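Here the structure comes first, spelled out in structure tokens, and everything after it is commentary.
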Amino acid sequence: MPGAGELLLPSSDSLASPLCSGRRPLSTLLSIKNLLRKDTAYNPWSVSFLAPLLSFLSAKHSHISAKCGPMTRHDDLKEMLDTNKDSLKLEAMKRIVAMIARGKNASDLFPAVVKNVACKNIEVKKLVYVYLVRYAEEQQDLALLSISTFQRGLKDPNQLIRASALRVLSSIRVPIIVPIMMLAIKEAASDMSPYVRKTAAHAIPKLYSLDSDQKDQLIEVIEKLLADKTTLVAGSVVMAFEEVCPERIDLIHKNYRKLCNLLIDVEEWGQVVIISMLTRYARTQFLSPTQNESLLEENPEKAFYGSEEDEAKGPGSEEAAAAALPTRKPYVMDPDHRLLLRNTKPLLQSRSAAVVMAVAQLYFHLAPKAEVGVIAKALVRLLRSHSEVQYVVLQNVATMSIKRRGMFEPYLKSFYIRSTDPTQIKILKLEVLTNLANETNIPTVLREFQTYIRSMDKDFVAATIQAIGRCATNIGRVRDTCLNGLVQLLSNRDELVVAESVVVIKKLLQMQPAQHGEIIKHLAKLTDNIQVPMARASILWLIGEYCEHVPRIAPDVLRKMAKSFTAEEDIVKLQVINLAAKLYLTNSKQTKLLTQYVLSLAKYDQNYDIRDRARFTRQLIVPSEQGGALSRHAKKLFLAPKPAPVLESSFKDRDHFQLGSLSHLLNAKATGYQELPDWPEEAPDPSVRNVEVPEWTKCSNREKRKEKEKPFYSDSEGESGPTESADSDPESESESDSKSSSESGSGESSSESDNEDQDEDEEKGRSSESEQSEEEGEKKKMKKRKKVPEGQREGSSSDEGSDSSSSSSESEMTSDTEEEQVEPASWRKKTPPSGKSAPAAKEISLLDLEDFTPPSVQPLSPPTVVSTSLAADLEGLTLTDSPLVPSLLSPVSGAGRQELLHRVAGEGLAVDYTFSRQPFSGDPHMVSVHIHFSNSSDTPIKGLHVGTPKLPAGISIQEFPEIESLSPGESTTAIMGINFCDSTQAANFQLCTQTRQFYVSIQPPVGELMAPVFMSENEFKKEQGKLTGMNEITEKLTLPDASRSDHVVVQKVTATANLGRVPCGTSDEYRFAGRTLTSGSLVLLTLDARPTGAAQLTVNSEKMVIGTMLVKDVVQALTQ
Amino acid sequence: MIHSLFLINSSGDIFLEKHWKSVVSRSVCDYFFEAQERATEAENVPPVIPTPHHYLLSVYRHKIFFVAVIQTEVPPLFVIEFLHRVVDTFQDYFGVCSEPVIKDNVVVVYEVLEEMLDNGFPLATESNILKELIKPPTILRTVVNTITGSTNVGDQLPTGQLSVVPWRRTGVKYTNNEAYFDVVEEIDAIIDKSGSTITAEIQGVIDACVKLTGMPDLTLSFMNPRLLDDVSFHPCVRFKRWESERILSFIPPDGNFRLLSYHVSAQNLVAIPVYVKHNISFRDSTSLGRFEITVGPKQTMGKTIEGVIVTSQMPKGVLNMSLSPSQGTHTFDPVTKMLSWDVGKINPQKLPSLKGTVSLQAGASRPDENPTINLQFKIQQLAISGLNPPLFAKEDWP
């Protein structure tokens, strides 16, 4: 009995005085019952209480029923419920449910009904549940009688019974059972059956509404259920999330990708809830895709959302973007953001209008402008649905069409009004049509409007006239046409039409009053006939405002109005006063008396507004004895030029509400509405969403990158940071490619800090593009400095750092001091800035330069090489994605710096080379060799290039681009690719300057002829099984004490050969795998090291020569 | 989400209420009645009515208002879509969804509603599952139930709810395995008074009735899928397959369902198969007007036009109409001013026409509105879009 702890508390309390307290006999009973079932030591004791208690209860009830028996109509029902016949019970329950359905009170039957909760007949049972759920809240004590039935149900082997027991149990709104519910939910949340888990998710908001104190515990359950991988649960748990803890957006991180991927298979209702939650999530986690489209050209692959700048950009966003522009990096869509957009798009085809709308709002709020268009078609399709659906969709379309007019323009005709549409739909369609009207389509739209004016639906006609007015203000070209049309409407026989036209004309005239004296005169005549107050008021205002255009008519109108003043509506009276005042100021000779008359009438008006206005006006215009300060300015006050009204859509700015929401529809914040947050300025950490990837992969990714970065002289532009986790998009790889130069990194093995680093890198990577040019300059300077410690370099190369990765990170650290400060201090402790380093000479040189800012030497390779090498590097990354434990990582470049040309022989030109172990850009079969030139002469060396090579068969060279000039003291690096054709033959070529030619040759160590391969242990074994016999070379060796530790071994092997580590189950065995570059033959290396120091090295490879040489090299490296 | 549901008939009686959370007093409907009064017609009652503590979302179908009460923010379409689903389910259960039918089957209705929502959140809305849970009443079953005392509630548990294809129940068996597909297309056109088409569009649906044993996996392909401009699917259709191959691949629900609805782009203007000649004039001098309409076929590809119904809303000034049709029957309701003429089939040799006079209110001036004519018709065996009959194939079907 899991609930023992919770249940004991109330029971021990009530057991103390079960009967005398008498407050809650039934809760006591419940507790007792639970105790009984628990079979505890209390058992005999509580039984003694139980019998009298039960009899007490039943007596009480029989008493009640006996008392009200004659009065109630339900005696027959009670009798039926008390029988043993299921059919009678059923009949009774049906009648009771029918009563409930009609809203009749059936609560007095509660005791009789609840008795049947354990009835065998399934329909009776169901109907009892219906009854129970309806009345339990009112009869809490009695409802408790049923609880044990459900508790038993929760243990049923059948999942559906478990689920329905939980469902009913959680639906009974009785606060006292909260602990029981909590337990049941917790248990159900880890039930085997997804259906029960779904029910548990449903129960969460029920419990929450019953007792919000349980929030923390419920959040735990939600968190657990969010991790559920079944589609059945997803929708329900997100619904629970939205009701209980919508602010805990952090719970979503780990499940974000899963939700995106499951979405299409979730049932429709769940889809709606998930999509709207993800919309909010995405707004907090990703950057705005529209923030700075101007910079997009820099990223050719993102050209698809770099289309035309939309004029309808919100003013706010524009400002924000403008402000951020100087500092912002080019926008790169987060792959997770893309994932969401991609996975929701097919749902636009859903049959459910709610899902389509949800996706539409998601796209509207989250998609780059050029992609939002896809939703238009789906929304237009919804217009053929029920009128209620149309109503909601049109409201949203109206809002969207203000912001993105172009989106719906092709569908203009779909918004044409049908005579069968309800008025509210017609008006919304008009709204959309007006929003869509522009210079090109206005003739069509106006023609359509003309038809509408003849409609019989007067509200609609009035709305049409308003719409025409709006078109006229928005599109200057048609203003006169519209005005003429409206003037014609003034002779319409329908007064409402005329009145509406007057109001609209008034607004239009305000824009250009001078030319329209005629219209004002025409309007003035209308005052005799037109009765609609608003229209009369509009005319009077117009005449007053433009009285100088109608100097003869205006006083006459005032005369007529003065006559009928008392009979006018308030709004008209106010305008009469207004007119009188204006006329008095311009034409006091004619109107002085009239004005005074009007003001006197107004002074005694019933409406205090009018009396106030009259008093106010009189003081202003009629100079009194002591006043006059104001009256001097009366003309300015009354006849000031007034700005023309702006006729705008009522849907303007509604989009600050999440579209598709109730709040948007009402244009008011509904209870429980979750604000759609603004885009963040800086993208929050995207790595929080990494889940599926086991930690070690991430680490190795991370480490691998570091290896990549490590070749200090390497083509840093070609460097890429595999910042995304394993499941992210391929496109992101290129997006997040970062310059190694700006990378910061730590050699930590802890995955947590790795994550942090990783995304710092990512951000850094984005920015680096822009910073690149500066860096380049710095790097050149750097080169000079680098020459200095050359001597030390050799010296320390023997000092093999055991913590090679830390050294590599150190080297990166030099890249950016700023970054250094940002880094958590912890890792620095782990990576002492000592001289410990990889055997490679270049690293050592870096260490010496540690405190300098500039990161690495910028190669002089032209941009073309850069772009291709980028792709190649990425390829390399996926290849080299080996799951190495970080601390066991190898240094990258195996062979250290080798001399190609001594400076004496080269007359001041010293040339070294290293194997960078990066895939070569142009050709994956080539080994990429970094050539370092330094000029130690005192004259510039010009035109450095590779002369005609004399190559053995099969070997080919990709030359580095010509270095135009190398000034004295300067150094530079170039990359060339050599295809050694899987042999260790030397590549001989000439190195030419303008004046001299040097014959040089590069001979690769065998370990450089291969590239690491990622494979699992099983794959490794499988491949190894295929390469036995002749292809297997075995050598026994004794490991010296110094190289018995894990990472030394790994480090030495990987330093010798460019191989990737393969995870291995046993501790004493090391496995490495690679492929030869040219033929792609596998090279598998196994080292079986005994603790005693005896070891056996096995190399399996098709290329026997390579295998033999490799064994030799590795043995040598290990035994040294 | 959805707190309560009230069913209200057009005369304003609440004849059914169901609460999924705490009981909401039916007085909340007063706000609805107010709105109903303000709106002159039932269709004009706003679907969303805010009240101080609740929001009322309603749909109007079959002369019944389905009013859902909600308390917190929820996508309105979510509720509206659900209410329509409720109506569809009732229709599916009882054949028609009307006040008397609901009243007669109030217990079944209540049970169904109970299953459809849990705490206001949709639980089982697929008709296949619901029918497993609660069997729809039939005459036979009613008879059997009264004799044997068995019930409408299924005694088997709905295993479909647990499966990956929640829309299909398990263990379906038929002796005659058959599947029918109906392609229904509708033209929706606005034609101005001179007879030129302003807008026309074709919407189609494919309704299916599939009675196949087991778990059939079907595919359906079209000769010319390009015609389909915009489609929406039953959830059983695999999106991916459609995207890549333009083939409908699905495991169908058992029984009737709507597989697909589509839209044929209006760009290539649709040929309307009928025309209407009209001559309606009101004279100022007399209080009489002339009224004459003729309906004729146009481009019907040899098919007969059936079920022609002409309706027209007359201006308010019209008092009565005395008309004589050449075929069919006509009615004019002097209160709503609605003229309706049930024409039936069109015989191309003898075109149906409706002629007569209109009597106008004496003294009132000539109405300046032009009445709109609504014309409905049916053509059997013709897909106006030219969508070719689909090819049907079954896969993975034992």
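The values are calculated or read from the model by the stated rules, or taken from the named source; none is laboratory data. What you see is a predicted model, and the numbers here were worked out from it, not measured in a lab. Cβ placement follows ideal geometry from the backbone for every residue including glycine, while neighbour counts extend to all protein chains displayed. Accessible surface is based on the protein model in full, side chains and every heavy atom, while ligands, DNA and RNA are left aside. Shrake-Rupley method; radii C 1.70, N 1.55, O 1.52, S 1.80 Å.
Descriptive notes on the structure:
- Here each label is just a point 7 Å from Cα along the line to Cβ, and for residue A:600 and residue B:176 those points are 9.7 nm apart.
- Those residues of the stretch A:655-671 for which accessible area with every protein chain present is at least 40 Å² below the isolated value (1.4 Å probe): A:662, A:666, A:671
- Threshold 50 Å², the stretch A:331-373 residues less accessible with all protein chains present than alone (1.4 Å probe): A:349, A:351
- Separation between Cα centres of the stretch A:388-432 and the stretch A:1031-1075, rounded to whole Å: 71 Å
- Rounded to the nearest 10 Å², the accessible area of residue A:548 at probe 1.4 Å: 120 Å²
- The stretch A:114-169 shape via C-alpha gyration tensor axes, a/c threshold 1.5: prolate
- Overall shape: prolate for the stretch A:1035-1120, with the ratio a/c of the largest to smallest alpha carbon gyration tensor axis at 1.5 or above and a/b above b/c.
- Averaged over its residues, the stretch B:7-95 has an accessible area of 35 Å² per residue, based on protein heavy atoms and a 1.4 Å probe.
- Ordered from highest to lowest accessible area with the whole protein assembly present and a 1.4 Å probe, A:369, A:413, A:120, A:229 read as A:120, A:229, A:413, A:369.
- Accessible-area order (highest first, 1.4 angstrom probe) of the listed residues A:637, B:7: A:637, B:7
- Where the stretch A:921-1045 is the region considered: accessible area per residue in Å², 1.4 Å probe: 45 Å²
- Gap separating the Cα centres of the stretch A:1106-1120 and the stretch A:160-235, nearest whole Å: 63 Å
- Surface accessible to a 1.4 Å probe, residue B:127 within the full protein complex, Å²: 30 Å²
- Legend: residues B:341, A:541, sorted from most to least accessible area (1.4 Å probe; ligands, DNA and RNA excluded), read A:541, B:341.
- For the pair residue A:674 and residue A:986, label points projected 7 Å from Cα toward Cβ lie 7.0 nm apart.
- Spin-label model, residue A:1066 to residue A:639: label points 7 Å out along the Cα-to-beta-carbon direction sit 10.8 nm apart.
- Among the protein heavy atoms, those of residue A:612 account for about 80 Å² of accessible surface (1.4 Å probe, every chain in place).
- Rolling a 1.4 Å probe over the protein heavy atoms gives the stretch A:327-393 an accessible area of 21 Å² per residue.
- Area buried, chain B against chain A - accessible surface, total, 1.4 angstrom probe, square angstrom: 7700 Å²
- Shape category assigned to the stretch A:957-1013 from the gyration tensor of Cα positions, a/c cut at 1.5: prolate
- Full-extension gain in nm, residue B:381 to residue B:98, via 0.36 nm per residue minus C-alpha separation: 98.8 nm
- Rounded FRET efficiency, nearest 0.05, which uses the C-beta distance separating residue B:240 from residue A:491 and R0 of 60 Å: 0.45
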